[in-house]
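The structure under discussion appears below in the form of structure tokens.
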Amino acid sequence: MIDRSLSKPSSSSIVECKVIRINDGEVGRSYRSLFGDYLAGAQSIRITDPYMRRGYQVRNVEELLQIVREPKGCHVELVTSFDRKEPWSLSEVRDYLDALRCQLVRRGFTFSYGFDERIHDRELITEEWRIGLGRGLDMFYPPAPGQMTRRSKACNIYYVRVQESERRRLVTPI
């Protein structure tokens, strides 16, 4: 496990950046430990992950959003992609995402999703932070029978504080 933080002065402000390297098979990581400080008070969250096609991937989003302290009024936007060559149908993916919307609305979130075939990078964006997700939210191995803690897949996570001039542009719905 390597955690690195650095601050670099720029012409108008300070850029904050933190990098966490997660080793393959590492235990003890959770969405709360990795993202709790960054998402807990967010009022707007954009999740970009091109691989949001299976039920467990959509459940990862639901688990991630349990971190938000005050879901009422928090807007979540999910941007994913869809390849018609995949073995599942677009209507199946939409069914998963519509069910997620129902779950989140009951908790007070507003939720929207869209498809963009051009995306590749995975990230979380809030009013304050841009978080690069090496593997997206699919960063854990499936638990083995009887296993209480999840093992992580190797990845890097980058946290960059959003500059004031960038905030409106990043959290405006697409």
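The values are calculated or read from the model by the stated rules, or taken from the named source; none is laboratory data. Quick caveat, the model's predicted, so the values are computed rather than measured. With ideal geometry, Cβ positions are generated from the backbone for all residues, glycine too; neighbour counts draw on all protein chains shown. Side chains included, ligands, DNA and RNA excluded: accessible areas come from the protein's heavy atoms. Shrake-Rupley method; radii C 1.70, N 1.55, O 1.52, S 1.80 Å.
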#### Entry: Candidate set: segment 65-100, residues that are over 18 Å from ARG135 (Cα atoms) and polar (S, T, N, Q); chosen: the one surrounded by the fewest Cβ atoms within 10 Å (Cβ to Cβ)
SER91
### Summary
Pairs returned, first residue in segment 57-80 that is in contact (Cβ under 8 Å) with a residue 60 or more places away in the chain and under 14 Å from ARG106 (Cα atoms), second residue that is β-branched (Val, Ile, Thr) and open to solvent by 10 Å² or more (accessible area, probe 1.4 Å), beta-carbon separation under 7 angstrom, 6 or more apart or interchain, are HIS75/THR110
### Message
Against the condition closer than 15 Å to TYR113 by Cα and open to solvent by less than 60 Å² (accessible area, probe 1.4 Å), how does GLU62 come out, does it pass?
### Response
yes
### Query
Quick one: is LEU104 under 17 Å from GLN57 (Cβ atoms), at pLDDT 95 or above, open to solvent by less than 40 Å² (accessible area, probe 1.4 Å) and of a type outside the set (Asp, Glu)?
yes
### Query
When the residues of segment 46-59 are filtered to those that are basic (Lys, Arg) and at pLDDT 90 or above, which remaining residue is most open to solvent (accessible area, probe 1.4 Å)?
ARG59
### Message
Based on this model, can you work out whether LEU170 counts as at pLDDT below 95, surrounded by 11 or more Cβ atoms within 10 Å (Cβ to Cβ) and not in a loop (DSSP other than H, G, I, E, B)?
### Response
yes
### Query
Is one or more of the residues making up segment 110-129 open to solvent by 80 Å² or more (accessible area, probe 1.4 Å), acidic (Asp, Glu) and modelled with pLDDT of 90 or more?
yes
#### Entry: strands (runs of 3 or more DSSP E) contained in segment 53-152 and holding at least 3 residues under 13 Å from the mean Cα position of the chain (by Cα)
75-80, 123-125, 129-133
